[in-house]
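The values are calculated or read from the model by the stated rules, or taken from the named source; none is laboratory data. Small disclaimer: the values here were computed from a predicted structure and weren't measured. Here Cβ is always computed from backbone atoms with ideal geometry, including for glycine, and neighbour counts include all displayed protein chains. Ligands, DNA and RNA are stripped out before the accessible areas are found, and what is left, the full protein with its side chains, is counted by its heavy atoms. Shrake-Rupley method; radii C 1.70, N 1.55, O 1.52, S 1.80 Å.
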Amino acid sequence: MKKGLIGRKIGMTQIFDEKGNVIPVTVVELGPCTVVQKKTVENDGYNAVQLGFEDKKVTRTNKPEKGHFDKANVGPKKVLKEFRLEDDSALNVGDVIKADIFAAGEKVDVVGTSKGKGTAGVIKRWNFGRLKETHGTGPVARHAGSLGVIDPARIFKGKKMAGHLGCERVTIQNLDVVKVDAENNLIAIKGAIPGPKKGIVVVANSVKKS
């Protein structure tokens, strides 16, 4: 990737373009992020930068974490993410990166954690069809149906069944940056992005062609 930042989803709203059309957008507080570590091919086998987002109390930082931040001479951060950039030669440990690295009109990919939906049945979780409720079907209209087989007398791994839904990594590609508020480190991205309100997201330049 060419650039990327860690942010926090603020919520959704709408803005108007020059023609008066309504554009639904998600507002993200993007950065400021601090370069906490810089990895190199010589030391780590690859090039990358580790960014930290949001300050953290020293009293809530354990000794290994404190040593990591002290080595970089930066304050403790709540969130750490690693970015493999095409060119990180201009970045150094301690540098602060803000939302103004993005501009309106750019395409971005957003990575977040989807909302947790608890335990769900097969219809909601896997889009199974349901049975009719007449002619002796019984109270199984939303059930999964037969699960196992006679031989080898077990359920195969990966079988689509009821279970935990949500709280998983989700990536949405090729979204438009509609507006950037550099002063407040806010960007408006067209459409909905994964994650609950105030959830952590990663925004990076899109690698998918339009």
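Worth a mention:
- Contacts under 6 angstrom Cβ, first residue in segment 102-118 being touching a residue at least 12 places away in the same chain (Cβ under 8 Å) and under 20 Å from Ile200 (Cα atoms), partner open to solvent by 50 Å² or more (accessible area, probe 1.4 Å) and in a loop (DSSP other than H, G, I, E, B), 6 or more apart: Ser114/Glu168; Lys115/Pro196; Gly116/Cys167
- Hits in segment 90-142 (condition: closer than 30 Å to Leu186 by Cβ and of a type in the set (Lys, Arg)): Lys98, Lys107, Lys115, Lys117
- Test for Thr119: is it open to solvent by 80 Å² or more (accessible area, probe 1.4 Å) and of a type in the set (S, T, N, Q): yes
- Unique match (being on the phi < 0 side of the Ramachandran plot and open to solvent by 40 Å² or more (accessible area, probe 1.4 Å)) among Ile10, Ile23: Ile10
Residues checked against (1) in contact with a strand residue (DSSP E or B) (Cβ under 9 Å, 6 or more places away or on another chain); (2) open to solvent by 80 Å² or more (accessible area, probe 1.4 Å); (3) of a type in the set (A, V, I, L, M, F, W, C); (4) closer than 27 Å to Thr34 by Cα:
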{"position": "His135", "(1), (2), (3), (4)": "no, yes, no, no"}
{"position": "Val149", "(1), (2), (3), (4)": "no, no, yes, no"}
{"position": "Ala153", "(1), (2), (3), (4)": "no, no, yes, no"}
{"position": "Gly166", "(1), (2), (3), (4)": "yes, no, no, no"}
{"position": "Val170", "(1), (2), (3), (4)": "yes, no, yes, yes"}
{"position": "Asp181", "(1), (2), (3), (4)": "yes, no, no, yes"}
{"position": "Pro196", "(1), (2), (3), (4)": "yes, no, no, yes"}
{"position": "Ile200", "(1), (2), (3), (4)": "yes, no, yes, yes"}
{"position": "Ala204", "(1), (2), (3), (4)": "yes, no, yes, yes"}
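- For segment 111-133, the set of residues classified as polar (S, T, N, Q) and touching a strand residue (DSSP E or B) at 6+ places or on another chain (Cβ under 8 Å) consists of Thr113, Ser114, Thr119, listed by residue number.
- Every residue from segment 104-116 that is farther than 17 Å from Cys167 by Cβ, among the charged types (D, E, K, R) and open to solvent by 60 Å² or more (accessible area, probe 1.4 Å): Lys107
- Failed item, numbered, when Leu91 is tested on (1) surrounded by 12 or more Cβ atoms within 10 Å (Cβ to Cβ); (2) of a type outside the set (D, E, K, R); (3) modelled with pLDDT under 90; (4) at positive phi: (4)
- Matching residues, segment 26-64, being assigned to a loop (DSSP other than H, G, I, E, B) and either of a type in the set (Gly, Ala, Ser) or free of Cβ contacts under 8 Å to residues at least 24 places away in the same chain (or both): Gly31, Thr40, Gly45, Lys56, Lys57, Thr61, Asn62
- Of the set (1) part of a loop (DSSP other than H, G, I, E, B); (2) buried (at least 18 other Cβ atoms within 10 Å of the Cβ); (3) within 23 Å of the chain's Cα centre (by Cα), all apply to Val74 but (3).
- Scanning segment 35-63 for residues that are closer than 18 Å to Gly94 by Cβ and among the acidic types (Asp, Glu), we see that the one that is most open to solvent (accessible area, probe 1.4 Å) is Asp55.
- Taken together, the criteria place Glu86 among residues that are assigned to a loop (DSSP other than H, G, I, E, B), open to solvent by 70 Å² or more (accessible area, probe 1.4 Å) and either among the charged types (D, E, K, R) or touching a His at 6+ places or on another chain (Cβ under 7 Å) (or both).
- Condition check for Leu175: surrounded by 12 or more Cβ atoms within 10 Å (Cβ to Cβ) and part of a loop (DSSP other than H, G, I, E, B): no
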